[in-house]
Structures are given as C-alpha cells and as structure tokens.
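K.L.:
Here it is, the structure in full.
The values are calculated or read from the model by the stated rules, or taken from the named source; none is laboratory data. Owing to the predicted nature of the structure, the values given are computational and were not obtained by experimental measurement. Methodologically, a virtual Cβ is constructed for each residue, glycine included, from the backbone with ideal geometry; neighbour enumeration extends over all protein chains shown. Accessible surface is based on the protein model in full, side chains and every heavy atom, while ligands, DNA and RNA are left aside. Shrake-Rupley method; radii C 1.70, N 1.55, O 1.52, S 1.80 Å.
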Amino acid sequence: MPIIPHKAIFLIKPILGTILPNMSTSKFNFSIHATENLARTGLITTAHGEIRTPAFMPVGTVGTVKGMLPENVRSTGADIILGNTYHLMLRPSAEIVAKLGGLHKFMNWNRPILTDSGGFQVMSLSKLRKITEEGVVFQSHIDGSSHNLTPERAIEIQHLLGSDITMVLDECTPYPASYEDAAKSMRLSMRWAKRCQDAFVKRDGYGLFGIVQGSEYKDLRIESAHALQEIGFDGYAIGGLAVGEGQELMFNVLDYTTPELPADKPRYLMGVGKPDDIVGAVARGVDMFDCVIPTRSGRFGRAYIDGGGINIKNACHIEDNSPIDAKCSCYTCANYSRAYINHLFKAEEMLGPILLSWHNIHYYQNLMSNIRNAIAEGRFADFINKFFSESS
Ligand SMILES: [Zn+2]
C-alpha cells in the first residue's frame with residue numbers, strides 16, 4: 001500500500017470534496033414496509049437520503065423546478081426531484097456542472113435526484129435526429145449544434161451530474177407503432193440497456209434503472225421486462241406510456257407488465273401523470289412517478305383540488321376571499337385568497353404562477369402521503385373508492 005505524505009493528504013481532500021460532494025456510504029436499497037394487493041409502500045435509500053414510496057418527483061427540467069426555491073419544493077414533502085440530461089448536456093453542459101460540484105450543489109438541492117437519460121427529449125424536442133445502433137445524433141433545439149448521444153455518453157453525463165438514480169438510454173417508441181417497429185425499437189433499447197449497465201460506475205448509494213419498452217404489445221413488454229432482468233438493474237421503469245395512448249390502455253399495459261418485474265425492486269412509471277393516473281398505477285404495483293403537470297398547470301392558472309380543479313383566472317374568483325382549498329395546508333392556501341391570485345394572473349405578475357405551482361406540488365405530495373398511509377394501514381381499497389367517487 002503506498003504511503004501518502006501528510007502534506008499530500010491535505011491537498012487531496014479538498015479536491016475530492018469538490019468532485020464528489022455529499023458522498024455517502026449508504027447502499028442503494030429498496031425496502032417494502034407494507035403491501036395491499038399489488039400496491040406497496042416502502043423506502044428507497046440513496047446517497048443523498050431516503051425516498052418514501054409511492055413517490056412523486058417534481059420535474060426540475062433545466063436544474064430548477066420552475067418558479068420554486070428548493071426549500072419550498074422540500075416543504076411540500078418532496079423527497080426527490082427529476083433532472084433532464086438532454087437539457088443539462090446542452091446548457092450549461094455536464095462537464096461544467098461537474099466542475100461546479102455536481103447538480104445537487106449547483107442547484108442547491110441536497111436530496112436525491114433522478115436524471116432521465118435524454119432519450120425522450122431527443123425524440124420530442126431536437127431537430128434532425130438520426131438513430132443508429134451506436135446511438136443518436138441530433139441537433140440542439142437551442143442553437144442547432146450537433147450532438148452525439150450514445151448509451152455510454154448518457155451514463156457518463158449522469159455520472160458527471162451526480163445523479164442518485166441514473167436512467168438507461170432508450171428509444172421512446174412513438175405511439176402508435178406497428179408491431180414490427182415496436183419490436184425493432186424495443187430490442188435496440190435492450191442492447192443499449194446492456195451497454196449502459198457495462199458503462200455505469202457502481203458506487204454505494206447510486207442506482208441504475210432499466211426501462212421497459214414494447215408499446216402496446218403484451219409479448220414485447222414481457223420480453224423487454226425479462227431482457228432487463230437478465231442484465232440486472234437497481235430498479236425498473238416502464239417507458240413509452242403517457243404518449244397519447246389514453247388511461248385505459250396505459251392501465252392495461254401495467255396490468256401485464258408489473259407482474260413480470262421483480263417484486264423487490266422499485267418500479268417507476270415515467271412521465272405520469274394526472275392524480276387519477278397515479279392512484280390507478282399505484283394499485284397496479286408502481287412505486288415512482290414524475291410529471292410536469294403540477295408546475296405547468298400552475299403557470300396556466302389551474303389549481304388542483306380534491307375531485308378535480310379550478311381555473312383561477314375565471315371571473316367567479318374576482319371577489320372570492322377564500323383560499324384555493326380550505327383543507328390545504330400549503331403556504332399559498334395559508335396566506336392568499338383566490339381573489340388575490342386571480343388578480344396576479346390578470347396583472348401577469350410572476351407571483352401568480354409561483355403560488356399556484358406551490359399549491360399544486362403540495363397537492364401531489366399530499367396525495368402521495370395519503371396513498372402511503374392508506375397502504376400502510378390496509379385501507380387503500382377504501383381510499384381508491386373514495387378518490388374515484390369524488391372525481392366522478
Ligand atoms: Zn394549497
């Protein structure tokens with residue numbers, strides 16, 4: 001074993017501290033505390049803390065949950081947020097984020113972060129993309145510059161960002177797709193998944209998730225679920241849904257996909273969804289969700305309340321001195337009236353979207369907390385009945 005002089009240790013320590021911030025020795029782990037039928041509640045342990053499941057991840061696309069300070073996101077009960085590889089690789093770049101201490105430090109969020117691999121945004125946002133066996137070449141939607149995203153590079157970028165949960169690069173199969181196209185696309189994603197696992201640097205507290213594809217075809221979804229398990233991952237995502245197929249078909253895919261996934265690993269339904277999508281997916285064995293809905297709706301004036309939502313811009317709120325939801329304990333509802341927020345939206349003041357985003361994220365986190373408690377106490381079936389009777 002080489003002997004390092006004391007002076008050298010002093011030099012090494014600050015450098016490691018910069019490159020690898022907030023390192024933890026805790027293992028990446030998923031423990032299930034209670035189940036009711038297919039629904040589960042438990043805890044994921046990561047390098048940056050614990051995630052209570054079922055969990056909803058607010059989306060921090062470019063290193064910020066739009067309009068929200070990190071401490072305010074946390075105050076809603078969020079344990080984890082999602083960052084976007086595609087956006088961050090283009091601006092400011094993964095190398096710059098790494099140089100500045102990683103994404104947690106860069107954006108002042110010291111809790112778990114999951115990053116998607118960029119596959120979905122490459123398909124939906126970039127111009128002139130070309131997919132080959134090697135990877136995908138695309139033009140930035142920001143400045144037209146050309147970029148090459150391979151499975152290995154997607155893993156490297158997420159390593160540079162410091163993600164607690166890294167996602168494999170996959171091709172998000174467009175919907176609808178023919179059986180032949182869906183099969184070809186899914187099998188390419190499975191070969192990429194293997195390359196991602198080979199490229200992933202294993203560290204305590206950091207996990208890599210595979211992504212099931214196969215469109216609406218049962219045998220392809222099952223083939224994909226089995227192929228991923230042969231490679232072996234810390235968690236399994238279900239991708240290629242919430243792309244316009246509708247809730248019934250989405251639930252149908254979950255009905256035959258989640259039983260094929262290992263019971264002792266977290267399951268993540270990507271890009272979902274509305275509150276009723278989440279409740280229905282938890283009942284089908286899903287543990288994690290992400291969606292832009294709470295913040296996007298907030299920016300457009302929609303506030304979620306039990307049984308549906310309201311449009312705060314409507315004239316009926318002009319003189320309404322009551323909060324958005326009298327039962328809600330969020331900062332917005334504790335301090336502001338519908339009338340005031342209606343006024344802010346009319347005056348196009350930025351505080352309006354901020355207050356509604358805050359309420360909506362709180363609504364989602366409160367929903368997840370109620371779901372977790374219901375499963376833990378063995379009354380999730382009653383919870384579902386009550387939830388859907390109020391929604392109808
Ligand atoms: Zn509220």
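K.L.:
Does region 355-373 contain any residue that is of a type in the set (A, V, I, L, M), open to solvent by 10 Å² or more (accessible area, probe 1.4 Å), more than 14 Å from the ligand (Cβ to nearest atom) and at pLDDT 95 or above?
P.N.:
Scanning region 355-373, I find no residue that is of a type in the set (A, V, I, L, M), open to solvent by 10 Å² or more (accessible area, probe 1.4 Å), more than 14 Å from the ligand (Cβ to nearest atom) and at pLDDT 95 or above, so the answer is no.
K.L.:
Working carefully through the options T173, T166, find the one that is of a type in the set (S, T, Y), in a loop (DSSP other than H, G, I, E, B) and buried (at least 24 other Cβ atoms within 10 Å of the Cβ).
P.N.:
T173 is the lone residue from the list that is of a type in the set (S, T, Y), in a loop (DSSP other than H, G, I, E, B) and buried (at least 24 other Cβ atoms within 10 Å of the Cβ).
K.L.:
Sort through V62, V73 and tell me the only one that's open to solvent by less than 30 Å² (accessible area, probe 1.4 Å) and either of a type outside the set (V, I, T) or in contact (Cβ under 8 Å) with a residue 24 or more places away in the chain (or both).
P.N.:
V73
K.L.:
Of all residues in region 322-340, which are among the hydroxyl-bearing types (S, T, Y) and in contact with a helix residue (DSSP H, G or I) (Cβ under 8 Å, 6 or more places away or on another chain)?
P.N.:
If we filter region 322-340 for residues that are among the hydroxyl-bearing types (S, T, Y), which is where we start, we get 322, 329, 331-332, 336-337, 340.
Once the filter is applied, which keeps residues that are among the hydroxyl-bearing types (S, T, Y) and in contact with a helix residue (DSSP H, G or I) (Cβ under 8 Å, 6 or more places away or on another chain), region 322-340 yields S322, S329, Y331, T332, Y336.
K.L.:
How about region 288-311: which of its residues are of a type in the set (A, V, I, L, M) and either within 15 Å of the chain's Cα centre (by Cα) or open to solvent by 20 Å² or more (accessible area, probe 1.4 Å) (or both)?
P.N.:
The answer is M288, V292, I293, I305, I310.
Residue-by-condition table, conditions (1) on the phi < 0 side of the Ramachandran plot; (2) buried (at least 21 other Cβ atoms within 10 Å of the Cβ); (3) under 19 Å from the mean Cα position of the chain (by Cα); (4) β-branched (V, I, T):
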{"residue": "S189", "(1), (2), (3), (4)": "yes, yes, no, no"}
{"residue": "V201", "(1), (2), (3), (4)": "yes, no, no, yes"}
{"residue": "F209", "(1), (2), (3), (4)": "yes, yes, yes, no"}
{"residue": "D219", "(1), (2), (3), (4)": "yes, no, no, no"}
{"residue": "G244", "(1), (2), (3), (4)": "no, no, yes, no"}
{"residue": "Y256", "(1), (2), (3), (4)": "yes, no, no, no"}
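K.L.:
Which condition does R52 not pass, out of (1) open to solvent by less than 20 Å² (accessible area, probe 1.4 Å); (2) closer than 24 Å to P259 by Cβ, if it passes all the others?
P.N.:
(1)
K.L.:
Scan (1) more than 16 Å from the ligand (Cβ to nearest atom); (2) modelled with pLDDT of 95 or more; (3) farther than 26 Å from V65 by Cβ; (4) of a type outside the set (D, E) for the single condition H343 breaks and write down its number.
P.N.:
Among (1) more than 16 Å from the ligand (Cβ to nearest atom); (2) modelled with pLDDT of 95 or more; (3) farther than 26 Å from V65 by Cβ; (4) of a type outside the set (D, E), H343 violates only (3).
K.L.:
State yes or no: is M89 open to solvent by less than 70 Å² (accessible area, probe 1.4 Å) and more than 28 Å from M190 (Cβ to Cβ)?
P.N.:
no
K.L.:
Something else: Please work out if S337 is within 16 Å of the ligand (Cβ to nearest atom), closer than 15 Å to G301 by Cα and surrounded by fewer than 19 Cβ atoms within 10 Å (Cβ to Cβ).
P.N.:
On the way: within 16 Å of the ligand (Cβ to nearest atom): yes; closer than 15 Å to G301 by Cα: yes; surrounded by fewer than 19 Cβ atoms within 10 Å (Cβ to Cβ): yes.
When the stated conditions are applied, S337 passes them.
K.L.:
Being among the hydroxyl-bearing types (S, T, Y) and in a strand (DSSP E or B) is the filter; apply it to region 111-160 and report the residue that is most open to solvent (accessible area, probe 1.4 Å).
P.N.:
S146
K.L.:
Here is a follow-up. From (1) touching a helix residue (DSSP H, G or I) at 6+ places or on another chain (Cβ under 7 Å); (2) in contact (Cβ under 8 Å) with a residue 60 or more places away in the chain; (3) hydrophobic (A, V, I, L, M, F, W, C); (4) under 16 Å from I361 (Cα atoms), pick out the condition that doesn't hold for L88.
P.N.:
Result: L88 fails condition (4) only.
K.L.:
Could you grab the pairs with beta carbons closer than 8 Å, sequence gap of 6+ or different chains, first residue in region 322-342 and at negative phi, second one within 9 Å of the ligand (Cβ to nearest atom) and acidic (D, E)?
P.N.:
As it stands, the answer is C333/D325, since those pairs meet every condition given.
K.L.:
Could you please let me know if G273 is within 15 Å of the ligand (Cβ to nearest atom) and either farther than 28 Å from E50 by Cβ or open to solvent by less than 10 Å² (accessible area, probe 1.4 Å) (or both)?
P.N.:
no
K.L.:
Same structure again: Under 30 Å from G240 (Cβ atoms), within 16 Å of the ligand (Cβ to nearest atom) and touching a residue at least 12 places away in the same chain (Cβ under 8 Å): does that describe Y304?
P.N.:
Numbers: under 30 Å from G240 (Cβ atoms): yes; within 16 Å of the ligand (Cβ to nearest atom): yes; touching a residue at least 12 places away in the same chain (Cβ under 8 Å): yes.
Here the answer is yes, as Y304 does meet what is asked.
K.L.:
Looking at region 319-334, which of the residues that are surrounded by 15 or more Cβ atoms within 10 Å (Cβ to Cβ) and assigned to a loop (DSSP other than H, G, I, E, B) is farthest from the ligand (Cβ to nearest atom)? I'd like the intermediate steps shown before the answer.
P.N.:
So the first thing to find is which residues in region 319-334 are surrounded by 15 or more Cβ atoms within 10 Å (Cβ to Cβ), and the list is 320, 323-325, 328, 330-333.
When the remaining residues are screened for being assigned to a loop (DSSP other than H, G, I, E, B), the result is 320, 323-325, 328, 330.
Working: D320: 14, P323: 7, I324: 5, D325: 5, C328: 3, C330: 3 Å.
Going through the qualifying residues, I end up with D320.
K.L.:
Still on this structure: Could you say whether any residue in region 92-104 is over 26 Å from D170 (Cα atoms), out of contact with any Lys or Arg (no Cβ under 8 Å at 6 or more places or on another chain) and among the aliphatic types (A, V, I, L, M)?
P.N.:
Checked against the condition, which is being over 26 Å from D170 (Cα atoms), out of contact with any Lys or Arg (no Cβ under 8 Å at 6 or more places or on another chain) and among the aliphatic types (A, V, I, L, M), region 92-104 yields at least one hit.
K.L.:
Hey, can you tell me all the residues within region 335-349 that are closer than 21 Å to T76 by Cβ and part of a loop (DSSP other than H, G, I, E, B)?
P.N.:
Within region 335-349, Y336, S337 qualify.
K.L.:
Same structure again: Conditions first: (1) outside any helix (DSSP H, G or I); (2) more than 20 Å from I80 (Cα to Cα); (3) away from the ligand (no atom under 15 Å from the Cβ). T257 passes all but one, so which condition is the exception?
P.N.:
For T257, the exception is condition (1).
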